[in-house]
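The values are calculated or read from the model by the stated rules, or taken from the named source; none is laboratory data. Worth saying up front: this structure is predicted, and the values here are computed from it rather than measured. Glycine also receives a Cβ, built like all others from the backbone with ideal geometry; neighbour counts cover every protein chain displayed. Surface areas here come from the heavy atoms of the whole protein model, side chains and all, with no ligands, DNA or RNA. Shrake-Rupley method; radii C 1.70, N 1.55, O 1.52, S 1.80 Å.
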Amino acid sequence: CFEEGWLKSQGWKLDGSQELLLFPQFTMLRKVVRSSKFRHVFGQANKADQCYDDIRISQMTWDSNFCTVNPKFVAMIVDASGGGAFMVLPLNKTGRIDMSYPTVCGHTGPVLDIEFCPHNDNIIASGSEDCSVMIWEIPEGGLTSSITEPVVKLEGHSKRVGILSWHPTARNVLMSAGCDNVVILWNVARGEAVVRIDSVHPDLIYSACWNRDGSRILTACKDKTLRVLDPRKGTVISEKEKTHEGSRPIRAVFVSDGKILSTGFSRMSERQVALWDPNNFAEPLTLQELDTSSGVLLPFFDPDTGIVYLCGKGDSSIRYFEVTDEAPYVHYLSMYSSKESQKGMGYMPKRGLEVNKCEIARFYKLHERKCEPIVMTVPRKSDLFQEDLYPDTIGPESSVEADEWFDGKEAPPILISLKDGFAATTKSKEFKVHKRLLKTTTASAGCQPDSNGVRTSHTSEVLWLNT
């Protein structure tokens with residue numbers, strides 16, 4: 001609406017394409033409007049009758065998600081007397097949940113973290129203050145009575161276990177991190193601790209996660225350092241000290257092209273989000289300050305869309321950003337806001353979404369007494385399958401077995417198409433454990449590995465559990 005000559009006389013510079021404006025006081029080149037198909041993504045909470053009500057969510061102050069979800073079940077950590085427990089509900093069991101509904105209650109201390117296995121929707125892992133990790137099998141259709149005996153019990157930590165993460169491509173490989181500053185990689189089928197990383201972290205581990213193919217581990221520690229680790233050797237590949245100057249917890253995840261997105265706090269306790277290139281850790285690609293709230297920001301990254309969702313513990317909102325190769329790399333999209341604060345958050349895998357409604361993400365927000373699904377949608381007029389929103393995504397099939405992966409084999413994730421809605425086309429999953437482990441014989445991280453540095457089992461009896 002301004003003439004070019006007037007703009008130039010006022011100190012503006014106009015490039016040839018007439019899309020970019022630069023004022024002399026500013027050093028950053030910025031587009032007037034950035035083109036993105038996700039600019040209008042909006043969040044909407046489900047109606048009251050589609051929520052899970054009257055659930056006593058855990059009052060623990062631990063900064064984990066407290067919730068995990070897959071296309072069959074939603075699980076959440078609940079208050080329990082005399083130990084720790086979590087509840088597993090079929091997705092369609094909405095409405096008021098009876099106080100006598102069965103739980104998974106085998107831990108002797110409060111449960112701190114839970115996570116469903118990505119390769120078997122009926123298997124879930126839990127970590128607890130009682131220093132143990134337990135693997136549970138959830139019956140088809142959900143629980144009919146409380147479960148107290150796990151399929152496998154893993155013991156190797158000397159302090160509480162607060163972080164769990166299944167390997168994205170290798171079957172039955174689980175990572176756990178405890179308050180003893182130790183990371184352990186388990187072969188769950190054998191019930192053995194194969195790799196123990198105990199000399200890398202000098203202080204409490206705030207977060208630990210895998211990259212897309214499981215060839216790297218990323219940890220954030222209380223010493224304000226991000227570390228990229230070789231999971232089999234347990235060695236540090238690269239690290240960055242003082243990623244965020246504040247003393248409050250840091251979280252970090254791998255995003256596209258191996259880059260790292262971290263959330264933390266400044267010296268003035270302002271919440272920050274930063275993007276890093278692990279090949280050049282000297283300076284962040286971008287560092288943005290968000291607000292002065294005190295809740296830890298939990299990042300959830302969707303590799304199919306390049307969107308990262310930041311959910312603050314104690315917040316009543318979800319911010320979402322698009323991560324691109326274009327400066328400033330992390331682009332703010334919008335924010336979902338509600339009246340009630342969140343005590344935890346579950347994130348549905350892409351294969352559990354309703355593609356015919358252009359749903360690109362679904363969260364399960366924990367209130368004090370209920371769990372509320374929140375749907376993120378891209379508004380589209382057409383009812384046809386939107387191929388640009390749903391590229392092939394990670395499916396439920398593992399691409400390598402545990403023993404093969406520990407021996408050095410790498411494999412990318414097996415992708416599936418969502419065009420016809422996800423449907424299981426394989427035979428019923430099988431979870432393999434050795435018979436001796438059904439008596440919950442504990443696996444110790446202190447036993448000696450073989451000459452190759454990998455623990456092997458001499459038990460030949462195997463039980464196959466159909467799930």
Handout entry: Spatial separation of Cα centroids for the stretch 289-358 and the stretch 217-267, in angstrom
Key = 19
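Only four residue types carry charge here, +1 at the Cβ of Lys and Arg and -1 at the Cβ of Asp and Glu. Report the dipole size of the stretch 313-385 about the Cα centre in Debye, rounded to the nearest 20.
Roughly 340 debye, rounded to the nearest 20.
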Handout entry: Heavy-atom surface of the stretch 270-357, accessible at 1.4 Å and reported per residue (Å²)
Key = 40
Exercise for the section: Can you tell me how much longer the chain between Glu239 and Asp407 gets when fully stretched, taken as 0.36 nm per residue apart minus their C-alpha distance, in nm with one decimal? Expected result: 57.9 nm
Completion exercise
Karplus-derived 3J(HN,Hα) from phi for the stretch 372-388 (6.51 cos²θ - 1.76 cosθ + 1.60, θ = phi - 60°), whole Hz, x at Gly and Pro, runs 10, x, 10, 9, 9, 10, 9, x, 9, 7, 6, 8, 6, 5, 8, 5, 6
Handout entry: Accessible area of the stretch 134-290 belonging to carbon and sulfur atoms, whole % at 1.4 Å probe
Key = 42
Handout entry: Projected label distance in nm at Ser146 and Arg96, using a 7 Å step from Cα toward the beta-carbon
Key = 2.2
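Working out 0.36 nm times the residue gap between Ser417 and Ser337, then minus their Cα-Cα distance, what length gain in nm do you get to one decimal? Show your work: numbers first, answer last.
Values: separation 80, 0.36 × 80 = 28.80 nm, distance 3.18 nm.
Separation in residues times 0.36 nm, less the Cα-Cα distance, equals 25.6 nm.
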Handout entry: Mean shadow area of the stretch 273-345, taken as a quarter of the surface of its Cα convex hull (nm²)
Key = 5.6
